[in-house]
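Novice: Here's a structure for you.
Each value in this text was obtained by applying a stated rule to the coordinates, not by laboratory testing. Predicted, not measured: the structure shown is a model, and the values here were computed from it.
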């Protein structure tokens, strides 16, 4: 007989999982690209899907357009992005490599964590991650709040 967790317990458990995943991401980022700031990494991620104008990305991630242009200028100096004829920016091969290497390291770290789980718990964890992903991924399409908090 399984016992369903209370909503408060589920919320605390989800916060622990989120914090753990953030720690994995940060550790992978620090190991792969320690000289790329978190803001620069967000800029690279924003360009991953398509080339874009700094002002549009600034609106999307909630920073000032001048800050975004400065950030892209620094990334351009590091050859992680390049400006195209339209004035937009796109990732370079080096920028794509930074993102992929960070993801690969994050996968390795997560795998190291998961192999420590008891064999009978691994399918449960896999299913829980899939279910959580299914619940969270639609939220990516909901516009962000412009709240300062």
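Novice: For helix 65-77, what angle does its Cα long axis make with the longest principal axis of the chain, in degrees from 0 to 90 and rounded to 10?
Specialist: Long axis of 65-77 versus the principal axis of the chain: about 80 degrees.
Novice: In deg cm²/dmol and to the nearest 500, what is the mean residue ellipticity at 222 nm of the chain if only DSSP H runs of at least 4 residues count, each as -39500 (n - 2.57), divided by the residue total?
Specialist: Working: 6 runs with 95 residues, N = 149.
The helix contribution divided over the chain gives -21000 deg cm²/dmol.
Novice: Roughly what angle does helix 122-136 make with the longest principal axis of the chain, taking Cα atoms, 0 to 90 degrees, to the nearest 10?
Specialist: 50
Novice: Comparing 26, 131, 51, which has the greatest mean-square fluctuation in the GNM of the chain with Cα pairs linked when under 10 Å apart?
Specialist: 131
Novice: Between the helical axis of 93-114 and the dominant principal axis of the chain, each derived from Cα atoms, what acute angle in degrees is found, rounded to the nearest 10?
Specialist: 10
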